[in-house]
Ligand SMILES: Nc1ncnc2c1ncn2[C@@H]1O[C@H](COP(=O)(O)OP(=O)(O)OP(=O)(O)O)[C@@H](O)[C@H]1O
Ligand SMILES: [Mg+2]
């Protein structure tokens, strides 16, 4: 009896975010005839992909009660390094892509070590990494974009359509989401992330090596950053060293809109996916309605407040 | 007397924290097949000793042996592997995880070494509960459990290891009689010629019932080890506190209570989850006991009155109807509430004693918007003195105080706030016999000064010792109101089980 009640509860949470998405979707469909155009929907999905992949990793970190501000510029650094590997050094495609992921893991490793062993607050550790990554991207690229025009097949990674009509970037996002979901709910990494976010001291007393697992969690999050970097580079067919700043806030917003608690202990990957879709849909819809960019930001801000407040109402006082 | 080495032995143990010598040359030996009680006043060093045995802290001096072999666990995990299992005084649970996930944290069974098998986890937890006879649902998130339920999870977790030494630090502080009986059955089942139990408690009747020998600590020093059978309780207490205490006191019958003013009237209080039409009156200068089993709704009544939970019904203060929407409203109307869960609602663990004591009274402690720290320190020092709070200084952080002394800090906070109506929920949980007596005197003194007090307590002797009148609750309803003179433990239990005993460890209240 209890079980079904709990099950219903979780479903309700996702229903709520999903309901929000549907409302926004319907609203824009009515407001603009171009909105429901498949090309436009595809654009929304594409826009979701990169932020969404970053948000997946951020969800894991936020589950521990931490925060990751380095996903945006970290993603850029991974793009740039992929460019270095493929365009500048001419390494094979697979090596270049894996290299990009590895840079993401390295960023996560450093974040994790700083948080777990130097005991820096995650906000500070990842803020520092955000700046370091931004600086390095500019230094390494000489502040100029790196183009992949001479790297055959790279653009197809994200731009191709393995499933006809659906860009690979979107496919990659969905596969990554499934992986992240399994990681969160079925592996030790996810379980200990939630456990640390719920009560760090108790987790340690229970004999879990909290420091080691924190490092693991940040590394896994870093892998998602790396993946986002590769997808971004492939989509643009270039690495843009000036991009990235501000993406981290969009990712965090997606996580929060999805119902993951910033205090840690509670997280949902499906929620994050829906959150990312809401963010992209909103931006896209407002643009189609020719709302100026400045006002788009205002609207997004309001939606964040509404979404999180609705989530708190649903949970009662506990949130 | 014993052949062969003791099961667990600690010799010459010393341990200091900054400013405190918590243990000084302490001995302890646990024999095979026995329950050894460990007693001492708040801050005597009991929990510290247990933390050394379980590898959370390391001793400054001294040796520990397990079955004659030297041991020095480097951490809780290693202590577990050695066969030492501990139920700590403070809960160590992850509220967002389920009961089963909590119990097996760090030991999750996995498929292909990667994917956690939650179904298997739940099966194991279910089997464990069946074996122990604990009515818990493995899939319930811990946040939804009552304090008693959480305690049972801790107990189950400790017994889920193949332990030889079971150490329990005040496991019954949050339990009612039924659950204590369950625990004692579990302990008796556990004890065998190859195992032993160390049991810390402030409740002498329990120690009498469950233990074989009693080791007494005072001020971080070893006093004596006494056989339970041949020792009178008052002698144990005397060894603990170094003096004799009066027992069995009942309050003087207050003449003409009915003529006095009503300080707080509660009429038809109901909540969606539990309470049904709860009404009672609290007179000025009276101590009113609220008795009942766990889950009867006593805490819910308090939370409804102070506006922490939504409810219907009316509350009157000094004859005037008031609307209380939040605890801040309640304080404004002169109603203070001392929570039963000091960790969650009572203390700022990372703040010092001064901050904690001043928390509810800050507006009265400012000049031109600035907090007058000197006043705060003075008041806090006064409270430390008045309640004999054991702390090296008023700037010690709350989490470094012993459990009982933390409780006194919470009490001090409300004494400073000086409310007319005080609702105290389990005011002596985890407090030693000597300090209990001091708190009783204090509450009685406050009532004599004209304050009105509601005491919620699971310990019937405490209710009988303090309350002028006793309101008994069962399943969210008031089943009777007794004058102290007419009340007996038996009579109260009868009223408390009017609708059949409550077996559930899950809070029925909607609050998480
Ligand atoms: N981590 C710590 N830092 C500083 N002082 C500490 C720490 N832990 C314990 N103490 C101090 O050591 C002394 C012994 O504390 P301990 O918790 O062992 O007492 P106890 O006998 O368990 O008391 P209680 O019955 O109240 O639980 C106390 O004065 C306490 O303030
Ligand atoms: Mg203690």
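The values are calculated or read from the model by the stated rules, or taken from the named source; none is laboratory data. Just so you know, these numbers come straight off a predicted model, no measurement behind them. For neighbour counting, all protein chains shown are included, and Cβ atoms are generated from backbone atoms with ideal geometry for every residue, glycine included.
Among the residues of region B:391-401, those that are assigned to a loop (DSSP other than H, G, I, E, B), in contact with a strand residue (DSSP E or B) (Cβ under 9 Å, 6 or more places away or on another chain) and within 16 Å of ligand 2 (Cβ to nearest atom) comprise B:391, B:396. State the number of residues belonging to region B:152-171 that are away from chain A (no Cβ under 14 Å) and farther than 19 Å from residue B:49 by Cα. Residues meeting the conditions: 4. Exactly one residue among B:123, B:107 is in a loop (DSSP other than H, G, I, E, B) and away from ligand 2 (no atom under 16 Å from the Cβ), and that residue is B:107.
So, residue B:87, is that one in contact (Cβ under 8 Å) with a residue 60 or more places away in the chain, more than 7 Å from chain A (Cβ to nearest Cβ) and touching a strand residue (DSSP E or B) at 6+ places or on another chain (Cβ under 8 Å) or not?
So residue B:87 passes the test.
If only one of B:209, B:170, B:179 is within 16 Å of ligand 2 (Cβ to nearest atom) and touching a residue at least 24 places away in the same chain (Cβ under 8 Å), which one is it? Exactly one of B:209, B:170, B:179 is within 16 Å of ligand 2 (Cβ to nearest atom) and touching a residue at least 24 places away in the same chain (Cβ under 8 Å), namely B:170.
Looking only at residues in region B:65-82 that are within 14 Å of chain A (Cβ to nearest Cβ) and out of contact with any helix residue (DSSP H, G or I) (no Cβ under 8 Å at 6 or more places or on another chain), the one that is farthest from residue B:163 (Cα to Cα) is B:74.
Here residue B:410 clears all of (1) within 25 Å of residue B:296 (Cα to Cα); (2) away from ligand 1 (no atom under 16 Å from the Cβ) except the condition numbered (2).
If I filter region B:427-450 down to residues being within 16 Å of ligand 1 (Cβ to nearest atom) and farther than 16 Å from residue B:289 by Cβ, which single residue comes out as surrounded by the fewest Cβ atoms within 10 Å (Cβ to Cβ)? By that ranking, first place goes to B:438.
Just to check your reading of the model, which residue among A:46, A:36 is modelled with pLDDT under 90 and more than 14 Å from every other protein chain (Cβ to nearest Cβ)?
On the way: A:46 fails: modelled with pLDDT under 90.
After applying the criteria, what remains is A:36.
Yes/no matrix, rows are residues, columns are (1) outside any helix (DSSP H, G or I); (2) out of contact with any helix residue (DSSP H, G or I) (no Cβ under 9 Å at 6 or more places or on another chain); (3) farther than 23 Å from residue A:277 by Cα:
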position	(1), (2), (3)
A:149	yes, no, yes
A:152	yes, no, yes
A:184	no, no, no
A:191	no, no, yes
A:207	yes, no, yes
A:216	no, no, yes
A:220	no, no, no
A:233	no, no, no
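Within 12 Å of another protein chain (Cβ to nearest Cβ) and more than 22 Å from residue B:399 (Cβ to Cβ) - does that describe any residue in region B:47-55? Break it down stepwise before answering.
Initial filter on region B:47-55 (within 12 Å of another protein chain (Cβ to nearest Cβ)): B:51, B:54-55.
Next cut, more than 22 Å from residue B:399 (Cβ to Cβ) only: none.
For region B:47-55, residues within 12 Å of another protein chain (Cβ to nearest Cβ) and more than 22 Å from residue B:399 (Cβ to Cβ): absent.
Considering region B:273-298 alone, what residues qualify as being out of contact with any strand residue (DSSP E or B) (no Cβ under 6 Å at 6 or more places or on another chain) and within 26 Å of residue B:177 (Cα to Cα)? Passing the criteria: B:273, B:274, B:293, B:294, B:295.
Within region B:37-76, the residues that satisfy the criterion of being away from ligand 2 (no atom under 16 Å from the Cβ) and assigned to a strand (DSSP E or B) are B:61, B:62, B:63, B:64, B:65, B:66, B:69, B:70.
Of the numbered criteria (1) within 16 Å of ligand 2 (Cβ to nearest atom); (2) part of a loop (DSSP other than H, G, I, E, B), the one residue B:86 fails is (2). Of all residues in region B:101-110, which are facing another protein chain (nearest Cβ under 9 Å), surrounded by fewer than 22 Cβ atoms within 10 Å (Cβ to Cβ) and free of Cβ contacts under 8 Å to residues at least 24 places away in the same chain? Within region B:101-110, B:107, B:108, B:110 meet the criteria. The residue that is nearest to residue B:119 (Cα to Cα), among those in region A:155-185 that are within 14 Å of another protein chain (Cβ to nearest Cβ) and surrounded by fewer than 18 Cβ atoms within 10 Å (Cβ to Cβ), is A:185. Contact map, region B:399-415: residues that are within 14 Å of another protein chain (Cβ to nearest Cβ) paired with residues that are more than 13 Å from ligand 2 (Cβ to nearest atom), Cβ distance under 7 Å, separation 6+ or inter-chain. Pairs shown: B:399/B:349; B:399/B:350; B:400/B:17.
Is it the case, given these coordinates, that residue B:442 is more than 16 Å from ligand 2 (Cβ to nearest atom) and either free of Cβ contacts under 8 Å to residues at least 60 places away in the same chain or on the phi > 0 side of the Ramachandran plot (or both)?
Numbers: more than 16 Å from ligand 2 (Cβ to nearest atom): yes; either free of Cβ contacts under 8 Å to residues at least 60 places away in the same chain or on the phi > 0 side of the Ramachandran plot (or both): yes.
Yes.
Before we move on, is residue B:427 at pLDDT below 90, closer than 25 Å to residue B:352 by Cβ and either within 14 Å of another protein chain (Cβ to nearest Cβ) or more than 16 Å from ligand 2 (Cβ to nearest atom) (or both)? Even if it seems obvious, please write down each step before you answer.
Working: at pLDDT below 90: yes; closer than 25 Å to residue B:352 by Cβ: yes; either within 14 Å of another protein chain (Cβ to nearest Cβ) or more than 16 Å from ligand 2 (Cβ to nearest atom) (or both): yes.
Yes; evaluated as a whole, the condition is true for this residue.
On the basis of being modelled with pLDDT of 90 or more, surrounded by fewer than 17 Cβ atoms within 10 Å (Cβ to Cβ) and either out of contact with any helix residue (DSSP H, G or I) (no Cβ under 9 Å at 6 or more places or on another chain) or part of a loop (DSSP other than H, G, I, E, B) (or both), does residue B:188 make the cut? Considered against the rule, which asks whether it is modelled with pLDDT of 90 or more, surrounded by fewer than 17 Cβ atoms within 10 Å (Cβ to Cβ) and either out of contact with any helix residue (DSSP H, G or I) (no Cβ under 9 Å at 6 or more places or on another chain) or part of a loop (DSSP other than H, G, I, E, B) (or both), residue B:188 comes out as no.
So which residues in region A:224-264 are within 14 Å of chain B (Cβ to nearest Cβ) and surrounded by fewer than 24 Cβ atoms within 10 Å (Cβ to Cβ), if there are any at all? If you could, list the steps in order and put the result at the bottom.
Kept after step one, since they are within 14 Å of chain B (Cβ to nearest Cβ), are these residues of region A:224-264: A:259-264.
Residues satisfying the conditions are A:261, A:262, A:263, A:264.
Picking from residues in region B:445-487 that are without any contact (Cβ under 8 Å) to a residue 60 or more places away in the chain and in a helix (DSSP H, G or I), the one that is farthest from residue B:202 (Cα to Cα) is B:486.
Applying the selection to region A:267-319, what residues are within 14 Å of another protein chain (Cβ to nearest Cβ) and at pLDDT below 90?
If the condition is that a residue be within 14 Å of another protein chain (Cβ to nearest Cβ) and at pLDDT below 90, then A:312, A:313, A:314, A:315, A:316, A:317, A:318, A:319 are the ones that fit.
Just so you know, in region B:15-29 the residues that are within 9 Å of ligand 1 (Cβ to nearest atom) and assigned to a strand (DSSP E or B) include one that is farthest from residue B:224 (Cα to Cα), and it is B:17.
For region B:90-100, state whether one or more residues are away from ligand 2 (no atom under 16 Å from the Cβ) and away from every other protein chain (no Cβ under 14 Å). No, region B:90-100 contains no residue that is away from ligand 2 (no atom under 16 Å from the Cβ) and away from every other protein chain (no Cβ under 14 Å).
Within region B:34-48, residues that are in contact (Cβ under 8 Å) with a residue 40 or more places away in the chain reach partners that are assigned to a helix (DSSP H, G or I) and within 6 Å of ligand 1 (Cβ to nearest atom) with beta carbons closer than 6 Å, at six or more positions or on different chains, in the pairs B:38/B:46; B:40/B:46; B:42/B:404; B:42/B:405; B:43/B:405.
Test residue B:40 against the criterion of being closer than 25 Å to residue B:212 by Cβ, over 21 Å from the mean Cα position of the chain (by Cα) and assigned by TED's automatic domain parsing to the domain that holds residue B:195, and give yes or no.
Details: closer than 25 Å to residue B:212 by Cβ: yes; over 21 Å from the mean Cα position of the chain (by Cα): no; assigned by TED's automatic domain parsing to the domain that holds residue B:195: yes.
Criteria not met by residue B:40.
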